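Handing you this structure, nothing more for now.
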Amino acid sequence: MLYFIIAIITFTSYFIFVPELLKHYWPEHVENKYWFQIISMQAMHIIVYIIVNASYGVIYYLNHPFFEQYKIEKKPWPWQTDKQEWNKLKNETFINFFINLIIGILLAMTFGLTGVKYRFDRQSLPNIWEMIPQFLFCILIEDIGFYWTHRLLHLPALYKYHKQHHQYIVTISISAEYSTVLEYLLSNLLPFIIGPRILNEKLHMMTMLIWIGIRVYKTLSAHSGYVFPWEIFQYIPFLAFSEFHSYHHSHNNGNFGSFFIFWDYLFGTSNNYYEKKLKDNYGILNIYNPQKKKQMI
Ligand SMILES: [Zn+2]
Ligand SMILES: [Zn+2]
């Protein structure tokens, strides 16, 4: 119960403090929307990437039983199997992140504000009641887009472009963005940007920045390799939290969704996952119970 309360507090504080912080520093007039958009979006991406990965990094480094009890897979962490291989993979993962980041920047510079009518002014900064339905809309669009593009990348003809991401059989947070350029554009960027582009003038640039934070944090958490009881995702019904995506990496079978389990359930691509859960006498409820999982191990 205590962890659930902590999860609720941290979740809501993100939607209270981050908008307040952004509002405080929001410029009176955005002179150059083109550069403001490119720099602020990438800055948000990088800040969330560093803070979240550094937090998980400390937890991995501590290797403390308190945290390790929430580890999803029985298999060892990548650094515990082959140190040399791990160093190589770690370096490749960071280099890959910068390559994809530069491609994202170049793409934004090329297409820049083409067709973008987001609001940038201080006067119309959104309140939480404007933002919540817009986040839900962006999440639903992203989820549909990610499910299908991800499923597409698992077709034998296209899997070569996705294989890199699956080098991580036991996922860690930095593995989230470890992907080929094609996968990054098709599966990560495209489903993410469609929602805001549909909303267009209804969307304030500040909402866009907070949406980046949500998307980056969600994917880093989904790849963390842990289900912490103080993280909100496992408590949201029908949400595809880290255990769901961890199965995708460990079994390379189904569970293609990013935010929700709906599409996988509807198209039967999570059947094996649920069968395994039932076989392990673990239940199919979406609420994670590490105690039950421990008994099963
Ligand atoms: Zn995959
Ligand atoms: Zn993944």
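Only the coordinates and a few stated rules stand behind these numbers; no lab work does. Because the structure is predicted, anything quoted here is derived from the model rather than measured. Virtual Cβ from ideal backbone geometry, glycine too; neighbours counted across all protein chains shown.
Using DSSP H assignments, which helices in the chain have an axial alpha-carbon span of 30 Å or above and a mean Kyte-Doolittle hydropathy of 0.0 or higher?
Going by DSSP H runs, the hits are 2-25, 33-62, 83-111, 128-153.
Using Cβ contacts closer than 10 Å as the measure, can you line up LEU199, LEU136 from fewest to most?
LEU136, LEU199
Could you work out which residue, out of GLU85, GLU68, GLU201, moves most in a Gaussian network model of the chain, that is, has the largest mean-square fluctuation with Cα springs under 10 Å?
Of GLU85, GLU68, GLU201, the most mobile in the Gaussian network model is GLU85.
If you don't mind, another one. Using 27 Å as the Cα-Cα cut-off, could you pick out the over-long pairs in LYS83/LYS279; LYS71/LYS277; LYS90/LYS163?
LYS83/LYS279
Hey, what number do you get for the chain at 222 nm if only DSSP H runs of n ≥ 4 count, each worth -39500 (n - 2.57), divided across all residues, to the nearest 500?
Rounded to the nearest 500, the figure is -19500 deg cm²/dmol.
Continuing with this model, one more query. Between the stretch 220-249 and the stretch 113-131, what's the alpha-carbon centroid distance in Å?
Their Cα centres are 30 Å away from one another.
Cα centroid distance between the stretch 255-279 and the stretch 184-206, in Å?
26
A further question follows. Counting only residues 5 or more places away or on other chains, whose amide H sits under 5 Å from the amide H of HIS204 once H atoms are built in the peptide plane?
The list, which skips near neighbours in sequence, is ARG119.
Per the Kirkwood formula on distinct C-alpha pairs, the Rh of the stretch 1-123 is how many angstrom?
Taking every pair of different Cα atoms in the stretch 1-123, averaging 1/r and inverting gives 18.4 Å.
Continuing with this model, one more query. Enumerate the aspartates and glutamates that LYS88 could reach by cross-link, defined here as Cα to Cα under 19 Å, with residues fewer than 8 away along the same chain left out.
Filter leaves GLU177.
Just from the alpha-carbon atoms, what are the Rg and Dmax of the stretch 2-230 in angstroms?
18.6, 55
Report the full-extension gain for the segment TYR25 to ARG197: residue separation times 0.36 nm, less the Cα-Cα distance, to one decimal in nm.
My answer for the length gained is 59.5 nm.
I would also like to ask the following. Over the chain, what is the relative contact order in percent, taking alpha-carbon pairs closer than 8 angstrom and at least six residues apart?
Relative contact order for the chain comes out at 25 percent.
While we're on this one: Straight-line reach from LYS202: which lysines have a Cα under 17 Å away, not including same-chain ones fewer than 8 places off?
LYS33, LYS117
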